[in-house]
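What follows is a set of notes on a single structure, which appears directly below.
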Amino acid sequence: MAPSLQPIRAVKCTYDNCFASFNTHKEMISHKKYFEEHDYCSRCDEDFDSYDDLAMHKAYRPDNHGMACRICGEEFKSKSGLRRHIELNHKVNQKLPCIGCGDEFYRASLLIEHIEFGNCRVIDKKDFESHIIHKFIVSELLKGGSALNRFQQKTSRFNAAIDEDDDGGVGINNLIDKDEDEETAHGINYKAIVPEIPPESLKFHPPPEPYPSLPVRSRKTSVASATSRLSSTLGNMSLGGDSEYETAPSTPGTPKSSSCQTKVRGNGKLASKELFKDAKPTPPPSEFSIEAHDGQMANKHGINIISTRFWDPISEDWNPECFLDTVTGKYSCPFTCELTFDLPVDLNNHIMHDHRITRMKCPSCLKYFKSCTALVSHCESRGSKCQINKADDFNLFLDRLTGGFLSVDEKTRPEFLQNETRFVPNPETGRLELWTPPTASYLQYSVSKPAAWKDPVKTVTVGGFPAPHTEPINRKNSLW
């Protein structure tokens, strides 16, 4: 049996897709107000197709709805209440990939927790802590003053002991112009050094007996035989094609021509030009050598305190000899403490135990936290009483707190980018006035690389066996 249809009542719902009817208009208004599928504004008596349209309508009608949230439509009496509501209830999800393993996180505190507690497959938790300490010691040294002066004193003796001259001696290349020929160079008259005591006044005692004579004949024979073997082996060979220095075949006892007996002493570059005139110059390397450049800069300017973890025993940049006092033979601590040690291993143990992070303090509310994750979560919460995330230098503080792994920038929420200005009636004057709804911002966190970061060594598997047939690929960043 078919169900019986109810007769249509006097008042029907104003929504086209709703077939409900009511006896009175008041019942119909109550139906639209509390029915979930209807987006109805009871104060303005207007119907809307979507909830977003209803929320936008409330945001642009301050005369009837005050300060309304354009995301959820909730109404507030002040701008501060509206912004606090948005910060607490409408958070923007972040996309923060880990620079080590590539896993993504939607909160900054989750990313720091992933690295700090050793959940990352690439970044070790000790390296993360070392980057935080590195930020601290570099910031203290860049302030100058007594800390920088004491650090330079600790490393000055090591820098003074480095000999950067590979050849040694005193060069005289600057005394002669390169454009002058050989005859002009030999024509320069240098005065001989005259001894202060005349040789006539010195009395030399004769040796007790004459020295034995050298085997002249046997030496001539051996030299002649060696010359013969060398001439027969290298006959008709030349140095560099059309060069005039050719070695012709000779017989034992035949004196060699004196034209090839030119001896060039001094700079190695000048000697190679004289001996190999027709040789082509060595081409420059196809790729820029980062290690060679870093070595030159280190020899010229000393330790790069920003891009190298010069103080960290677990880093490849660590060299305890930089802090060796050659006078006392003791190793000084690179930090501000004045402890010295006899052995490098004692210095390493001191740094790894006495200069590590125990707790962290918020500079705004002065609360202590046991981990970096807890402090980052405290800073990330916009609804807390602490105002650290609203400070002007919050980005600088977050960079030092996380060791350079995170940075932050305040941006306008996507819902408020197109904030139109409209004419709305003023309830006090009754006139139409321009109205711009208040905007809301959020903190956009982004992943960054620390200054002393070095890309991990990646491996490529050759063949079907993973571990025994791995070939490392080193990708190093410049330290300068």
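Things to note:
- SER139 buried (at least 17 other Cβ atoms within 10 Å of the Cβ), touching a helix residue (DSSP H, G or I) at 6+ places or on another chain (Cβ under 9 Å) and among the hydroxyl-bearing types (Ser, Thr, Tyr): no
- One residue stands out in region 327-349 among those that are hydroxyl-bearing (Ser, Thr, Tyr) and over 30 Å from the mean Cα position of the chain (by Cα): the one that is farthest from PRO313 (Cα to Cα), namely THR328.
- 3 or more residues in contact (Cβ under 8 Å) with a residue 60 or more places away in the chain and closer than 30 Å to LEU443 by Cβ: qualifying helices (runs of 4 or more DSSP H) within region 318-419: 372-380, 394-401
- Hits in region 306-316 - residues which are of a type outside the set (Gly, Ala, Ser) and either in contact with a helix residue (DSSP H, G or I) (Cβ under 8 Å, 6 or more places away or on another chain) or surrounded by fewer than 16 Cβ atoms within 10 Å (Cβ to Cβ) (or both): ILE306, ARG309, PHE310, TRP311, ASP312, PRO313, ILE314, GLU316
- Members of region 402-427 that are farther than 21 Å from VAL92 by Cβ and either under 30 Å from the mean Cα position of the chain (by Cα) or at pLDDT 95 or above (or both): GLY403, GLY404
- When region 11-42 is limited to residues that are surrounded by 11 or more Cβ atoms within 10 Å (Cβ to Cβ) and aromatic (Phe, Trp, Tyr), the one that is nearest to TYR60 (Cα to Cα) turns out to be TYR40.
- Selection within region 436-460 - in contact with a helix residue (DSSP H, G or I) (Cβ under 6 Å, 6 or more places away or on another chain) and aromatic (Phe, Trp, Tyr): TYR445
- Of the criteria (1) in a helix (DSSP H, G or I); (2) modelled with pLDDT of 85 or more; (3) not basic (Lys, Arg), which one CYS44 fails: (1)
- Among the residues of region 420-449, the one identified as assigned to a loop (DSSP other than H, G, I, E, B), touching a Leu at 6+ places or on another chain (Cβ under 8 Å) and free of Cβ contacts under 8 Å to residues at least 24 places away in the same chain is THR421.
- Test for ALA279: is it under 17 Å from LEU141 (Cβ atoms), of a type in the set (A, V, I, L, M, F, W, C) and either modelled with pLDDT under 75 or not in a helix (DSSP H, G or I) (or both): no
- Near pairs, Cβ below 8 angstrom, 6+ apart or cross-chain, from region 22-42 (within 16 Å of VAL11 (Cα to Cα)) to any residue that is part of a helix (DSSP H, G or I): PHE22/MET28; PHE22/HIS31
- The residues of region 96-109 that are over 21 Å from the mean Cα position of the chain (by Cα) and surrounded by fewer than 19 Cβ atoms within 10 Å (Cβ to Cβ), listed by number, are TYR106, ARG107.
- Residue match in region 91-106 (condition: among the basic types (Lys, Arg), part of a loop (DSSP other than H, G, I, E, B) and modelled with pLDDT of 90 or more): yes
- Given (1) more than 30 Å from SER407 (Cβ to Cβ); (2) part of a helix (DSSP H, G or I), number of the condition ILE112 does not satisfy: (1)
- LYS385 being under 22 Å from LEU110 (Cβ atoms) and loosely packed, with under 13 Cβ neighbours inside 10 Å: no
The values are calculated or read from the model by the stated rules, or taken from the named source; none is laboratory data. Treat the numbers as computed from the prediction; the structure is a model and nothing was measured. Note: ideal-geometry Cβ built from the backbone for every residue, glycine included; neighbour counts use all protein chains shown.
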